[in-house]
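The next block holds one structure in the form of structure tokens; read it before the comments.
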2 protein chains.
Amino acid sequence: MTLNASHSAQLKSWVEAANDPLCPFPIQNLPMAIFSTSANLRKRAGVAIGDQVLDLEVLERSGLLPTGLVPNGLSPTPTAVFNRSSLNAFMALGPAVWSAVRSTISGELSKATSDWRLFSQLLTPLADAQLHMPVRVTGYTDFYASREHATNVGTLFRGAENALMANWLHMPIAYNGRASTVVVSGTAIKRPRGQIISADKPTPVFTASRKLDMELEMAALVGTANPMGDPVSVAQAQEMIFGFVLLNDWSARDIQVWEYQPLGPFLGKAFATTISPWVISREALEPFRVDGPQQDPQPLSYLRQSAPHNYAIQLQAQLNGQTITETNFKDIYWSSAQQLAHHTSGGCAMQTGDLLGSGTISGSQPGSMGSLLELTWNGEKPLTLENGDIRRFLEDGDRLSLTGYAQGEGYRIGFGEAAATILPAPSETG
Amino acid sequence: MTLNASHSAQLKSWVEAANDPLCPFPIQNLPMAIFSTSANLRKRAGVAIGDQVLDLEVLERSGLLPTGLVPNGLSPTPTAVFNRSSLNAFMALGPAVWSAVRSTISGELSKATSDWRLFSQLLTPLADAQLHMPVRVTGYTDFYASREHATNVGTLFRGAENALMANWLHMPIAYNGRASTVVVSGTAIKRPRGQIISADKPTPVFTASRKLDMELEMAALVGTANPMGDPVSVAQAQEMIFGFVLLNDWSARDIQVWEYQPLGPFLGKAFATTISPWVISREALEPFRVDGPQQDPQPLSYLRQSAPHNYAIQLQAQLNGQTITETNFKDIYWSSAQQLAHHTSGGCAMQTGDLLGSGTISGSQPGSMGSLLELTWNGEKPLTLENGDIRRFLEDGDRLSLTGYAQGEGYRIGFGEAAATILPAPSETG
């Protein structure tokens with residue numbers, strides 16, 4: 001994929017708000033979501049432009065979009081993909097269609113001579129749109145691909161001498177997460193109960209987690225599938241990726257530390273995972289591709305990449321409105337393309353809608369760590385917020401928000417927000 | 001659920017083959033599958049009776065089945081559930097409908113005065129039926145609930161002193177598996193490649209697994225869902241279970257041992273999982289409920305069960321036609337109901353189509369272990385087959401088959417077969 005007209009910093013939209021250099025949704029972005037409005041409760045696909053949502057269902061029905069080209073010619077009915085409650089049907093169509101649709105929308109929203117008065121009837125103010133889960137998540141895999149995070153957590157859980165395990169520099173380590181509890185930003189998160197062991201007692205109790213944590217991650221969404229038994233290369237994997245979202249891998253550290261041996265994280269992370277509603281296309285991020293950290297030792301051949309597959313994306317987490325960490329996706333050790341290629345390397349089938357969490361993204365500086373576990377060093381060094389509140393982990397009523405953007409010349413590719421408020425645990429009657 | 005007429009040992013069918021005491025599909029069984037025939041390629045639901053398959057799509061259309069009762073009254077069209085390519089829609093209807101449908105089918109296949117000549121037009125010989133995946137697997141969780149297996153594997157991977165970890169007797173340990181590669185019996189399994197480390201080399205190589213193993217398991221299929229944030233009790237969990245299948249959790253031990261720390265099994269098990277095509281309903285297994293092993297220490301209250309939830313099911317594995325292990329599901333330490341209740345205990349949402357592998361079922365006797373890893377003690381004690389072949393792990397061309405049955409008085413509840421042949425790994429060009 002190369003840079004084209006849709007990336008030009010000079011490109012402007014007749015939707016004026018999109019031309020503000022700080023607007024998260026300029027014409028260079030064009031992220032997709034599933035939305036509804038009070039006037040039309042049907043869930044359908046939309047594109048953000050400035051302070052508006054463009055209704056893709058109506059646009060597709062008008063015949064303006066090239067989705068009908070595949071696979072049944074121009075007949076719009078059998079192949080309509082934007083009248084669904086998820087983006088999966090569109091995602092399955094593949095990179096050529098993704099790109100053609102982006103190009104069409106970009107053209108319509110920018111051309112000076114467009115019949116934009118007609119077109120503007122397809123726009124709804126963002127403020128009036130309810131955003132839903134953008135995809136039907138068919139599988140959720142969470143990687144562990146930040147060297148800084150793996151080193152920090154390894155030190156806390158196993159001591160400095162066992163921090164980074166022998167396999168870590170050779171492959172992107174991951175576990176299968178729980179797809180059924182991936183929810184969209186704004187969904188409240190109930191504090192989980194679980195088995196927790198105290199240092200001073202030999203047996204666990206079943207109680208509410210006292211170490212509820214966030215994990216700041218990016219996630220790649222798989223668009224096109226590979227059949228079982230057919231691994232893909234890193235270059236092929238990159239082409240399979242439809243786009244990216246922000247992801248908060250909520251973690252109950254006290255449940256996790258008791259249950260995770262020997263089979264890995266389970267209920268400590270199964271209660272909820274939050275993603276942002278806007279899917280930023282891979283094409284929109286093309287100008288922000290950068291080399292990742294140098295990989296030493298050199299990866300085995302099936303993991304080698306001949307092009308940069310990292311992305312420079314500024315990320316931050318806010319707790320009750322105050323920034324508690326700032327980091328960047330560019331520092332992740334294993335790229336999403338490497339993660340996906342590794343995932344298929346033994347023959348695992350990937351499906352449209354697979355969600356690949358990058359792993360918590362921690363930088364090397366203080367204040368750049370992607371979890372409270374690291375920021376407070378497992379509660380030993382509490383954070384003091386500006387209003388005087390002290391936090392080791394999350395408390396009931398806390399609101400945690402992840403945001404991010406890629407900074408272009410005069411424009412920003414914004415990711416919106418992955419946020420949630422913490423609710424108390426269910427009552428202790430179970 | 002109590003025993004009713006459909007369990008009576010005296011009950012006979014006018015399908016004569018069903019009355020043979022060794023027939024796996026007597027009228028007391030009535031397992032469901034998804035099938036097609038050369039005369040009708042559409043995938044649809046069927047019930048096995050003797051040597052025949054009863055076409056449930058046609059039976060439902062005739063109005064004889066009570067599926068239309070829920071939720072839209074008797075209108076058959078909007079609620080037809082047996083004309084689908086999976087059983088999920090029927091499974092979602094819940095225990096009252098499952099039981100009513102079983103009762104109707106049992107009555108029709110047994111009554112002496114039935115117009116069975118008409119009814120018999122809905123039967124197809126099993127030999128002419130192609131069996132497909134019975135369910136759309138929405139999530140696959142694999143437990144580790146046999147104490148003997150956990151002790152054996154723990155000894156092999158970590159030494160006898162660290163065999164059974166401190167948490168094991170307090171909770172059903174599990175990991176999330178990969179749902180996209182759960183396949184039906186008969187699907188050939190390609191040997192995976194992956195990163196493998198040798199004792200004499202410091203860095204891994206990417207090559208075909210040399211330690212391809214089976215794991216003999218049962219699996220519970222979740223019928224009804226629970227919402228995120230709402231845990232269920234053991235008794236409620238039992239009611240959510242639609243039925244059981246045989247499950248082979250194929251495992252590449254050399255890939256697994258290198259990748260599994262600290263986040264658990266991933267690609268060593270993601271390449272394939274085989275299930276049997278016939279789903280045995282929980283109701284059919286009601287006469288075979290037994291107490292499991294005594295649990296000491298007593299489980300925490302959310303895991304306590306006030307009724308027996310284990311099942312006496314004889315299981316065996318055959319390698320190229322020769323029995324290599326015999327064991328019984330009754331010996332599993334944590335019941336499927338306990339596993340499911342634990343799964344929800346932190347608020348994880350379970351969905352129709354969730355597959356819960358029991359974990360490898362190993363007995364305490366030699367020859368009753370559920371994996372080659374244990375049977376050959378990681379290859380140290382090879383098996384010699386009757387034809388002189390020697391096996392440490394599976395070789396290309398091997399056929400591995402799991403079978404099982406519950407023995408009633410004068411009849412058997414058969415599970416059919418979960419079998420596959422091993423294909424060579426993809427060529428070494430990746």
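Brief remarks on what is shown
- Residue match in region B:149-165 (condition: more than 21 Å from B:Q261 (Cα to Cα) and more than 23 Å from the chain's Cα centre (by Cα)): no
- Residue tally, condition open to solvent by 60 Å² or more (accessible area, probe 1.4 Å) and in a strand (DSSP E or B), over region A:223-235: 0
- Region A:178-207 - residue that is in contact with a Pro (Cβ under 8 Å, 6 or more places away or on another chain) and facing chain B (nearest Cβ under 10 Å) and, of those, farthest from A:E148 (Cα to Cα): A:T203
- Residues in region A:158-183 that are aliphatic (A, V, I, L, M) and under 19 Å from A:T141 (Cβ atoms): A:M165, A:M171, A:I173, A:A174, A:A179, A:V182, A:V183.
- Against the criterion of being modelled with pLDDT of 95 or more and of a type outside the set (F, W, Y), B:L156 does not qualify.
- Restricting the first member to region B:38-52 and to residues that are within 16 Å of B:M133 (Cβ to Cβ) and in contact (Cβ under 8 Å) with a residue 60 or more places away in the chain, and the second to residues that are of a type in the set (D, E) and crowded, with 17+ Cβ neighbours inside 10 Å, the beta-carbon pairs closer than 8 Å and six or more apart or on different chains are B:G46/B:D55.
- Matching residues in region B:26-43 - criterion: being surrounded by 22 or more Cβ atoms within 10 Å (Cβ to Cβ), in contact with a Phe, Trp or Tyr (Cβ under 8 Å, 6 or more places away or on another chain) and over 16 Å from B:E409 (Cβ atoms): B:P31, B:M32, B:A33
- Hey, B:V232 under 16 Å from the mean Cα position of the chain (by Cα) and among the aliphatic types (A, V, I, L, M) or not: no
Condition check ((1) in contact with a helix residue (DSSP H, G or I) (Cβ under 7 Å, 6 or more places away or on another chain); (2) over 28 Å from B:G346 (Cβ atoms)) across all residues:
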position	(1), (2)
B:Q236	no, no
B:L246	no, yes
B:Q261	no, no
B:G268	yes, no
B:E286	yes, yes
B:R289	no, no
B:Y302	yes, no
B:Q305	yes, no
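- Residue match in region B:173-190 (condition: aliphatic (A, V, I, L, M) and assigned to a loop (DSSP other than H, G, I, E, B)): yes
- Screening B:A199, B:A179 for residues that are under 29 Å from A:W258 (Cβ atoms), in the same structural domain as B:L303 (by TED's automatic domain parsing) and either buried (at least 24 other Cβ atoms within 10 Å of the Cβ) or not basic (K, R) (or both) leaves exactly one candidate, B:A179.
- The listed residues are A:G292, A:G264, and the only one of them that is in contact (Cβ under 8 Å) with a residue 40 or more places away in the chain, open to solvent by less than 10 Å² (accessible area, probe 1.4 Å) and part of a loop (DSSP other than H, G, I, E, B) turns out to be A:G264.
- Some residue of region A:209-222 being out of contact with any Phe, Trp or Tyr (no Cβ under 9 Å at 6 or more places or on another chain), away from chain B (no Cβ under 12 Å), surrounded by 23 or more Cβ atoms within 10 Å (Cβ to Cβ) and modelled with pLDDT of 95 or more: yes
- Qualifying residue in region A:237-246 (condition: over 20 Å from A:K190 (Cα atoms), in the same structural domain as A:G414 (by TED's automatic domain parsing) and open to solvent by 20 Å² or more (accessible area, probe 1.4 Å)): yes
- In the set B:E417, B:E374, only one residue is modelled with pLDDT of 95 or more, closer than 21 Å to B:L247 by Cα, assigned to a strand (DSSP E or B) and acidic (D, E); that residue is B:E417.
- Residue in region B:249-260 that is surrounded by fewer than 24 Cβ atoms within 10 Å (Cβ to Cβ), within 20 Å of the chain's Cα centre (by Cα) and not in a loop (DSSP other than H, G, I, E, B) present: no
- Looking only at residues of region B:76-88 that are in contact with a Gly (Cβ under 7 Å, 6 or more places away or on another chain) and either more than 20 Å from B:V137 (Cβ to Cβ) or open to solvent by 20 Å² or more (accessible area, probe 1.4 Å) (or both), we find that the one that is modelled with the highest pLDDT is B:T79.
- Matching residues, region A:158-170, being within 7 Å of chain B (Cβ to nearest Cβ) and hydrophobic (A, V, I, L, M, F, W, C): A:M165
- Test: A:K269 is in contact (Cβ under 8 Å) with a residue 24 or more places away in the chain, within 14 Å of chain B (Cβ to nearest Cβ) and touching a Phe, Trp or Tyr at 6+ places or on another chain (Cβ under 9 Å): yes
- Residues that are modelled with pLDDT of 90 or more, outside any helix (DSSP H, G or I) and among the aliphatic types (A, V, I, L, M) were ranked within region B:51-67; the one that is surrounded by the most Cβ atoms within 10 Å (Cβ to Cβ) is B:V53.
The values are calculated or read from the model by the stated rules, or taken from the named source; none is laboratory data. Keep in mind it's a predicted model, so treat the numbers as computed, not measured. In this analysis, Cβ positions are derived from the backbone assuming ideal geometry, glycine residues included, and neighbour counts consider all displayed protein chains. Please note that ligands, DNA and RNA were not included when accessible areas were found on the heavy atoms of the full protein model with its side chains. Shrake-Rupley method; radii C 1.70, N 1.55, O 1.52, S 1.80 Å.
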